[in-house]
Amino acid sequence: MKAKSLIVLITVGASAAGTGWFAAKQFGDAKPAASSSTRRILYYQSPMHPWITSDKAGRCTICGMKLEPVFEGERGFGGIEGVVMLGSNSVQVINVQTEVVTNRVLARTLKVAGVIEDDDTRHRRMSAYADGRIEKLFVNHLGAEVVEGQPLAVLYSPALLATESEYLTLLRQVSPDGLSATVRQERARLVEAAAQRLKRLGYSDAQLAALAKKDASDARTEILSSMTGTVVLRNVYEGQYVKEGELLFEIADFGTMWFQFDAYERDLGGLNAGQVVEVTSSSLPGKTLSAPIKFIDPNLNEMTRSARVRVELENPMVDDGGRKRRLLYHRLFAEGTVKLQSAAVLTVPRSAVLSAGQPVVYVEAGSGAYEQRPVKLGQRGDDYWEVLSGVQAGERVVTTGNLLIDAQAQLNASTISLPGSGPLAPGQSSTMTNQGLMKPAPPATTETQLAVATEFFTVTSELGAALAADSLPLFNERVPQVHAMIPKLIEAFGETKSLRPTLAKFEQSGHLETAKDLTQARKEFLPFSMATAELAAQLRTQPGAPAVKIFNCPMVNRAVPGADKNGRWVQMEGPLRNPYFGAQMLECGSEVK
């Protein structure tokens with residue numbers, strides 16, 4: 001595979017050099033040529049392999065072509081900066097494919113996780129009407145389905161009995177013949193007052209109507225369900241004495257459930273009430289429930305920078321082996337999918353963007369020329385990026401083969417440091433390879449970079465320490481700090497080309513989510529930690545790099561299913577504390593020197 005890649009790169013380099021003169025005419029800024037007899041020859045260079053140079057005339061040691069002179073004031077065959085030339089054969093070999101930059105609706109699928117809760121506005125609590133004793137329970141287990149007006153328990157209460165007797169006595173005194181209208185009105189007022197006292201004690205209109213037919217010797221009072229629903233709390237037993245107002249039962253209506261999830265502020269702009277969410281749960285294999293968003297909490301959680309979103313789901317009764325129950329259980333974990341769409345915006349395919357600090361694309365310029373363009377990106381879709389600047393509608397960008405084109409662009413850029421091609425940047429040194437190619441030496445870490453790197457490694461070290469301590473709350477508390485540090489890190493080191501591949505890994509691994517358990521937290525932590533350890537290993541070879549320790553665990557696949565055996569992490573100081581196993585194997589691992 002390595003040999004094949006080398007052949008492809010050599011083919012790209014040869015084709016680029018062979019068409020260098022065309023690029024210079026179409027894209028360059030070369031000065032008008034003077035007579036070769038009046039100009040000084042700087043060096044001789046192979047037009048097919050521009051890294052082969054000599055101070056004397058001769059032939060290329062690779063292809064045997066005659067070395068061409070490069071005169072004072074010329075840039076040689078290194079190529080035009082930012083433009084890569086490919087022959088037709090090279091385009092076919094590396095399978096270059098392009099797509100038109102155009103305006104389109106940006107579609108994005110947002111996946112969320114949450115919990116199915118009950119509608120807490122539909123809860124009722126049944127309390128004791130007065131001091132007394134529970135004579136009988138009609139509902140003696142949780143989960144019982146009851147209907148409005150159904151007896152829940154029988155209460156014996158002398159206080160209630162006295163109030164009932166007073167009401168019945170007054171009720172019988174209202175209608176005797178021979179009473180004046182004034183007396184009747186007064187007695188009716190007293191009956192109404194007695195009825196109100198019973199209602200305040202919890203009696204329903206149906207119970208008041210039934211009192212007139214109640215046996216005078218019956219000293220018991222039924223406590224009736226005030227709604228249809230499911231019994232979720234029972235605090236009483238038969239024979240128990242209770243006080244007035246003491247909670248006996250709690251009933252919830254599970255006919256409508258709430259699927260609630262947290263949406264991060266970067267996603268809130270695409271969410272609106274009425275959008276349909278598709279909800280799935282492992283308890284309902286193969287079944288998808290669809291319902292609209294009903295409410296988005298306008299108050300953001302300061303720690304997680306997220307807002308709670310509510311979706312209301314219908315929860316019908318189903319038959320479960322001859323027993324009726326609700327389809328959805330209370331407090332189920334569930335996942336949701338929301339299709340987000342923006343207005344039509346200028347877009348490029350996601351595969352066209354090479355993102356390592358400064359995102360770039362390669363634009364087809366015609367005749368085998370591909371121009372590197374820095375772009376400013378906006379929203380990210382499933383297949384496309386919104387592009388705010390850098391390209392225009394109608395241009396074609398490379399979607400396949402752009403990695404090899406970028407490699408050739410870096411090779412072309414390095415030839416600028418060949419003898420006579422111009423001075424290096426201020427403060428930049430150079431090293432000579434065994435092929436005579438001048439390459440810039442890695443720059444020393446600046447004070448700003450050192451400060452950002454030290455802060456980043458400190459936050460990452462604290463994140464790992466939380467897992468080593470088996471503290472899920474502390475891990476979730478540290479996650480937002482990681483989110484805040486990654487843009488700073490990319491801004492500080494994005495111009496260092498050697499670090500771009502490593503920085504690109506944080507775009508995928510750095511979006512840590514709030515974990516529901518330590519297993520999920522360690523699974524999310526692993527790729528992010530590996531990228532961090534790789535960055536630390538690269539930085540500590542440079543002068544002025546931050547002091548950081550790198551450790552490796554050879555058994556990570558036992559803690560994170562599906563992972564490789566080796567997993568690394570960083571610590572600002574010792575001793576070794578394994579974040580993948582925590583207390584189970586806290587000291588498992590070794591330091592990477």
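The values are calculated or read from the model by the stated rules, or taken from the named source; none is laboratory data. Since we're looking at a predicted model, the values are computed, not measured. Cβ coordinates were reconstructed from backbone atoms using ideal geometry, including for glycine residues, and neighbour counts include every protein chain displayed. What goes into the accessible areas is simple: the full protein's heavy atoms, side chains included, and nothing from ligands, DNA or RNA. Shrake-Rupley method; radii C 1.70, N 1.55, O 1.52, S 1.80 Å.
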Step by step: first the residues of the range 547-563, then only those that are open to solvent by 30 Å² or more (accessible area, probe 1.4 Å) and hydrophobic (A, V, I, L, M, F, W, C), then the one that is modelled with the lowest pLDDT. Which residue is that?
ALA547
When the range 564-593 is examined, which residues are found to be touching a residue at least 24 places away in the same chain (Cβ under 8 Å), out of contact with any Lys or Arg (no Cβ under 7 Å at 6 or more places or on another chain), under 16 Å from GLU534 (Cβ atoms) and of a type outside the set (Lys, Arg)?
GLY567, TRP569
Can you name the residue in the range 338-391 that is aromatic (Phe, Trp, Tyr) and open to solvent by 20 Å² or more (accessible area, probe 1.4 Å) and, of all such residues, is nearest to LEU499 (Cα to Cα)?
TRP385
Does any residue of the range 529-546 turn out to be in contact with a strand residue (DSSP E or B) (Cβ under 8 Å, 6 or more places away or on another chain), in a loop (DSSP other than H, G, I, E, B) and buried (at least 20 other Cβ atoms within 10 Å of the Cβ)?
no
Taking interchain pairs and intrachain pairs at least six residues apart, which have beta carbon atoms under 6 angstrom, with the first residue in the range 282-308 and loosely packed, with under 15 Cβ neighbours inside 10 Å and the second in a loop (DSSP other than H, G, I, E, B)?
PRO292/GLY274
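If you take the residues in the range 219-269 that are of a type in the set (Lys, Arg) and within 27 Å of THR163 (Cβ to Cβ), which one is least open to solvent (accessible area, probe 1.4 Å)?
Quick first cut of the range 219-269, residues of a type in the set (Lys, Arg) only: 220, 234, 243, 266.
Within this subset, residues satisfying the condition of being within 27 Å of THR163 (Cβ to Cβ) are 220, 234, 243.
Details: ARG220: 115, ARG234: 56, LYS243: 131 Å².
This residue is ARG234.
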Can you tell me which residue is nearest to GLU534 (Cα to Cα) among those in the range 456-479 that are charged (D, E, K, R) and assigned to a helix (DSSP H, G or I)?
GLU462
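Of all residues in the range 108-135, how many are assigned to a strand (DSSP E or B), of a type in the set (A, V, I, L, M, F, W, C) and open to solvent by less than 50 Å² (accessible area, probe 1.4 Å)? Before you say what the answer is, go through the steps one by one.
Applying the first criterion (assigned to a strand (DSSP E or B)) to the range 108-135 yields 108-118, 123-127, 132-135.
Remaining after also requiring of a type in the set (A, V, I, L, M, F, W, C): 110, 112-113, 115-116, 126, 134.
Okay, now just the ones that are also open to solvent by less than 50 Å² (accessible area, probe 1.4 Å), so 110, 112, 115-116, 126, 134.
Here the count works out to 6.
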Quick check: is even one residue across the range 404-418 modelled with pLDDT under 90, part of a loop (DSSP other than H, G, I, E, B) and touching a Ser or Thr at 6+ places or on another chain (Cβ under 7 Å)?
yes
So, in the range 184-214, exactly how many residues are farther than 16 Å from SER157 by Cα, in a helix (DSSP H, G or I) and in contact (Cβ under 8 Å) with a residue 12 or more places away in the chain?
8
